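Quick note: the coordinates plus some simple rules give every number you see, no bench work behind them. These numbers come from a predicted model, not from an experiment. Here the Cβ is made from the backbone with ideal geometry for all residues, glycine too, and neighbour counts use every protein chain on show.
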Amino acid sequence: MNGLYAHGSSSRNQLLEWEKHALDSFFAKMSDKEKPFPCIPATIGFSMNQLKYGFIGSPRRDSTIKELASLLTGYTEQSREFGNYTSLIIFYETPDSMKNASVEEYEQIFWEQLSGLTALDAFEWPNDIPQDPHDPIWEFCFNGEQYFMYCATPAHKNRKSRHFDVMMLAITPRWVLQEFNKSQSYAQRIKAQVRKRLANYDSIAIHPDLNTYGSEDNFEWRQYFLRDDDGSLSKCPYHRVLKFLGIDK
């Protein structure tokens with residue numbers, strides 16, 4: 001399906017079978033009462049029907065990045081109309097040939113997708129955001145908007161909070177997170193509950209890279225793609241790929 005999809009839309013009958021399956025799996029994950037999904041703001045956004053959905057091709061196909069850029073551009077232009085808990089959920093048509101792909105292979109694909117997005121970005125990098133991913137204030141930007149990126153894959157087994165049937169992105173505007181953090185007491189209570197849920201949801205300890213934006217020891221890029229163990233990359237591949245491509249953002 002082309003364009004953004006909203007839950008309950010009459011256009012569901014236009015979806016392909018894999019798209020319907022991805023949606024149904026996501027809805028089941030978000031509405032599970034026995035084992036609630038850890039990210040409480042995401043479940044609120046789902047229950048309030050503020051999430052938007054997009055479907056794109058295989059993550060290994062170069063043209064898929066253009067599809068992602070088109071959807072994210074459209075979402076960026078409209079996101080403030082969707083509500084304070086909105087996010088864009090992207091489902092990739094993940095082929096059977098990737099069933100045995102490792103977490104590390106998905107990780108490489110994820111960073112290639114982000115670097116490809118930047119290569120297609122018509123906007124200059126925001127002046128108030130450092131270009132070095134190893135700066136605590138850095139975060140991914142596209143179309144002039146700051147975003148938190150989340151990736152889930154079929155390869156994640158221990159970290160169920162990062163598992164999904166197909167490769168999936170959840171893209172949340174920074175302004176959504178800023179709205180959430182306006183009431184610090186409320187935000188702290190919710191974050192504490194999120195960590196409790198994570199401990200119950202995953203069969204492995206909370207990843208040490210999970211942190212708070214702006215903290216001196218925080219690096220946003222490390223949280224975008226969490227491995228299925230406690231390991232992580234020593235350097236951000238986004239920076240390396242961009243330097244290789246000669247793209248100055």
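Values for this structure:
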| read-out | value |
| --- | --- |
| Segment Ser234-Ala192, length gained on full extension (0.36 nm per residue, minus Cα span) | 12.4 nm |
| The range 33-167 - Rg and Dmax from Cα coordinates, angstrom | 15.5, 45 |
| ³J(HN,Hα) computed for each position of the range 195-203 - Karplus, 6.51 cos²θ - 1.76 cosθ + 1.60, integer Hz, glycine/proline x | 5, 5, 5, 4, 4, 7, 7, 8, 9 |
| Rg(Cα) / (2.2 N^0.38 Å) computed for the chain, rounded to two decimals | 0.96 |
| Distance in nm between pseudo-label sites at Ser102 and Ser25 (7 Å out along the Cβ direction from Cα) | 2.2 nm |
| Exceeding the 29 Å Cα-Cα cut-off - candidates Lys66/Lys182; Lys29/Lys191; Lys20/Lys66; Lys99/Lys235; Lys20/Lys196; Lys35/Lys235 | Lys66/Lys182; Lys20/Lys196; Lys35/Lys235 |
| Calculated from backbone phi, Karplus (6.51, -1.76, 1.60) coupling profile of the range 157-174 in Hz, x at Gly/Pro | 10, 6, 9, 4, 5, 10, 9, 8, 5, 10, 5, 9, 10, 10, 10, 10, x, 4 |
| Built amide H within the under 5 Å cut-off of Phe148, gap 5+ | Thr172, Arg174 |
| Rounded, prolate or oblate (a/c below 1.5 giving rounded, otherwise prolate when a/b exceeds b/c) for the range 103-176 by Cα gyration tensor | prolate |
| For Leu117, Leu169, order by how many other beta-carbon atoms lie within 10 Å, fewest first | Leu117, Leu169 |
